[in-house]
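Let me begin by presenting the structure, written as structure tokens, before commenting on it.
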Amino acid sequence: MKKLAASLLLPVIALLAFSVYNDPLPIGAPLPKAENKLKDISGKEITLKSAAKENGLLVMFSCNTCPVVINNQSRTNEICKYAQDKNVGVVLLNSNEGNRNSSESVEAMKSYAEGQGFQWYYAEDKNNELADAFGATRTPECFLFDKTGKLVYHGAIDDNPNDADAVSRKHLKEAINEASAGKEVSVKQSRSVGCAIKRLRS
């Protein structure tokens with residue numbers, strides 16, 4: 001009986017082990033995996049380090065298919081353009097490795113980006129390496145790094161992902177303004193709402 005119980009527990013323990021991801025990157029942490037080579041939809045190889053600009057870097061975990069991403073796409077485009085205007089680099093990362101051979105293929109990413117008019121990097125996160133390093137679990141999920149490469153904001157674009165008309169505070173925009181001006185970010189974290197990243201081991 002004990003052997004049977006032990007044999008039944010092993011798959012459960014294995015499943016739990018594969019379901020535990022890294023804790024989210026803490027505020028003040030340096031940019032992780034900064035020199036990992038990433039394949040952008042243009043075919044160009046980039047790194048987070050090379051994508052950063054004078055006032056820092058915005059990294060957003062995103063995808064092609066999540067209803068929350070799609071619902072927030074106009075806000076994503078708006079904040080990415082705003083970041084670029086503030087001399088902050090922008091990289092959107094697609095970590096949905098579990099769907100890489102279908103709806104989240106590089107070709108599907110390219111088609112989606114063209115349809116949305118992306119003017120920034122949209123790169124494949126192979127084997128979820130960056131999602132794991134960042135402790136990212138959702139799409140969309142934002143990480144803003146200042147000019148020194150330190151994390152100053154983590155979370156959502158604003159305080160109401162479900163209703164653009166009901167937004168009372170644009171967290172990411174305020175963080176970009178404060179960080180670009182050399183000020184301390186007043187709201188450093190918020191809760192990301194979205195779809196779970198489809199890891200290979202999910």
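Since every read-out is calculated from the coordinates, none of them should be taken as a lab result. This is a predicted model, so every value here is computed, not measured. Positions of Cβ are generated from backbone atoms using ideal geometry, with glycine treated the same way; all protein chains shown enter the neighbour counts.
In what order do D165, D40, D159 fall by count of nearby beta-carbon atoms within 10 Å, going from fewest to most?
Lowest count first: D165, D159, D40.
What relative contact order, as a whole-number percentage, does the chain give when Cα pairs under 8 Å and 6 or more residues apart are counted?
Relative contact order here is 27 percent.
Can you work out the Karplus-derived ³J(HN,Hα) for every residue in the stretch 53-66? Use 6.51 cos²θ - 1.76 cosθ + 1.60 with θ = phi - 60°, whole Hz, and x for glycine or proline.
10, 3, 9, x, 8, 9, 10, 10, 7, 9, 6, 9, 10, 4
What are the lysines whose alpha-carbon lies under 20 Å from the alpha-carbon of K126, with same-chain residues fewer than 8 places away excluded?
K33, K37, K39, K44, K49, K110, K198
For the stretch 24-196, just the Cα atoms, rotate onto the principal axes and tell me the three extents in Å, largest first.
Projected onto the principal axes, the Cα atoms of the stretch 24-196 cover 43, 37, 27 Å.
Sequence-distant or interchain residues sharing an amide H contact under 5 Å with G89, placed H: which?
Distant-sequence amide H within range of G89: K53, N55, G56, L57, L58.
Please determine, in degrees from 0 to 90 and to the nearest 10, the orientation of helix 106-116 with respect to the longest principal axis defined by the Cα atoms of the chain, where the helix direction is its Cα long axis.
In the chain, helix 106-116 runs at an angle near 40 degrees to the longest axis.
For N64, enumerate residues with amide H under 5 Å from its amide H, sequence gap 5+ or separate chain, H modeled in the peptide plane.
Hits under the 5 Å cutoff: none.
Report, by chain and number, residues whose modeled amide H sits under 5 Å from the one on E141, excluding near sequence neighbours (fewer than 5 apart, same chain).
Answer set, sorted by chain and number: F61.
Using a 4.7 Å cut-off between beta carbons, which cysteines in the chain end up with no partner cysteine at all?
C63, C80, C142
Does anyone have the angle between helix 2-19 and the longest principal axis of the chain? Alpha-carbon axes, 0 to 90°, nearest 10?
Compared with the principal axis, the helix lies near 10 degrees.
Please sort 44-56, 89-101 by packing, taking for each peptide the average over its residues of neighbouring beta carbons within 10 angstrom, highest first.
Going by the mean number of other Cβ atoms within 10 Å, highest first, we get 89-101, 44-56.
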